[in-house]
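Quick notes on the structure that follows.
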Amino acid sequence: MFQATIHLHQHKDCVLSEFAETFDVSFDTIIEELHDHRVTFVIELEHCAAEVADFFTASEQVSQFEQLDEERYLVTKDSCGAYAAVDLNHGILRRRSVITADRREYTVLFFRREDLRAMIDEFKQIGDVALGKVSKFHGSTRTLTDRQFEVLECALDEGYFEWPRDADSETVAGKLDISRATFLEHLRKAQSKLLTEALERHGRTGQAGHAEPRVR
């Protein structure tokens with residue numbers, strides 16, 4: 001298992017880049033869900049202002065906006081294609097994506113060098129791409145809380161992980177009698193713990209001694 005940093009200067013207009021340029025800020029996004037050519041994520045900002053909500057709710061690219069607390073906002077928008085490029089090529093977004101007015105930074109996990117090449121080829125359809133550091137990844141073992149297990153179990157039972165989905169996040173949240181934002185937060189944390197544990201096991205059994213891949 002390897003980890004790579006990919007830098008993207010996106011060509012098409014995007015509400016996130018517009019926001020960063022308008023307010024002269026850089027910020028992190030945490031992916032929550034990719035669905036039907038749309039992406040849901042949490043934006044973290046150090047300061048809050050009414051202009052933030054006004055900006056996103058006025059955008060035609062944004063289909064949902066919700067303030068979670070003083071520094072976090074849940075946003076659903078049309079996908080630019082970057083998250084899908086990672087997902088469809090067997091990659092996993094490892095860390096928060098960094099957004100500025102003129103670039104994005106993604107950190108991804110992958111098993112095979114050809115998957116990384118395929119991701120980069122698809123990123124090139126979106127904008128200018130630069131590959132940053134590539135290194136071996138070593139995870140750590142964690143366990144789920146009772147609530148995280150309940151959320152994950154319900155999502156699985158309802159067909160949330162099927163393709164196409166049998167139930168969306170709002171439907172599963174209703175079954176659990178919690179908000180969609182709360183469901184997505186519990187689900188993201190549960191998935192992160194389980195993936196980290198699984199990748200750690202894989203790293204112990206099959207990755208030792210492999211050279212770092214090169215992308216040409």
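Which strands (runs of 3 or more DSSP E) does region 67-117 wholly contain that include 3 or more residues that are assigned by TED's automatic domain parsing to the domain that holds THR57 and within 30 Å of MET1 (Cα to Cα)?
Filter on region 67-117 gives 97-99, 104-110.
State whether one or more residues within region 21-28 are closer than 14 Å to THR100 by Cβ and in contact with an Asp or Glu (Cβ under 7 Å, 6 or more places away or on another chain).
yes
Of the conditions (1) modelled with pLDDT under 90; (2) over 26 Å from SER26 (Cα atoms), ALA181 fails just one. Which one is it?
ALA181 satisfies all of (1) modelled with pLDDT under 90; (2) over 26 Å from SER26 (Cα atoms) except (2).
Condition check ((1) more than 26 Å from PHE55 (Cβ to Cβ); (2) among the charged types (D, E, K, R); (3) buried (at least 20 other Cβ atoms within 10 Å of the Cβ)) across all residues:
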residue: GLY81; (1), (2), (3): no, no, no
residue: PHE111; (1), (2), (3): yes, no, no
residue: LYS136; (1), (2), (3): yes, yes, no
residue: PRO164; (1), (2), (3): yes, no, no
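From the list GLU33, GLU21, pick out the single residue that is farther than 12 Å from SER79 by Cβ, in contact (Cβ under 8 Å) with a residue 60 or more places away in the chain and either of a type outside the set (Phe, Trp, Tyr) or touching a helix residue (DSSP H, G or I) at 6+ places or on another chain (Cβ under 8 Å) (or both).
When all the criteria are applied, what remains is GLU21.
Across region 162-178, what is the number of residues that are touching a helix residue (DSSP H, G or I) at 6+ places or on another chain (Cβ under 6 Å) and within 17 Å of LEU68 (Cβ to Cβ)?
3
Is there a residue being under 20 Å from TYR160 (Cα atoms), part of a helix (DSSP H, G or I) and under 12 Å from the mean Cα position of the chain (by Cα) anywhere in region 24-37?
no
Which of the residues belonging to region 1-32 are of a type outside the set (A, V, I, L, M), surrounded by 14 or more Cβ atoms within 10 Å (Cβ to Cβ) and within 17 Å of VAL62 (Cβ to Cβ)?
Hits for region 1-32 are GLN10, CYS14, SER17, GLU18, PHE19, PHE23, PHE27, THR29, GLU32.
Residues checked against (1) crowded, with 18+ Cβ neighbours inside 10 Å; (2) in contact with a helix residue (DSSP H, G or I) (Cβ under 8 Å, 6 or more places away or on another chain):
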{"site": "ASP121", "(1), (2)": "no, no"}
{"site": "ILE126", "(1), (2)": "yes, yes"}
{"site": "LYS133", "(1), (2)": "no, no"}
{"site": "THR143", "(1), (2)": "no, yes"}
{"site": "VAL151", "(1), (2)": "yes, yes"}
{"site": "TYR160", "(1), (2)": "yes, yes"}
{"site": "ARG180", "(1), (2)": "yes, yes"}
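Name the residue, out of GLU21, GLU33, GLU60, GLU51, that is modelled with pLDDT under 85 and either among the small types (Gly, Ala, Ser) or out of contact with any strand residue (DSSP E or B) (no Cβ under 7 Å at 6 or more places or on another chain) (or both).
Every option except GLU51 fails the conditions.
Tell me, which residue of region 57-75 that is acidic (Asp, Glu) and surrounded by 12 or more Cβ atoms within 10 Å (Cβ to Cβ) is nearest to GLU46 (Cα to Cα)?
Here the residue is GLU71.
The values are calculated or read from the model by the stated rules, or taken from the named source; none is laboratory data. The structure presented is a predicted model; accordingly, all values stated were derived computationally and were not measured. Positions of Cβ are backbone-derived with ideal geometry, glycine not excepted, and every protein chain shown enters the neighbour counts.
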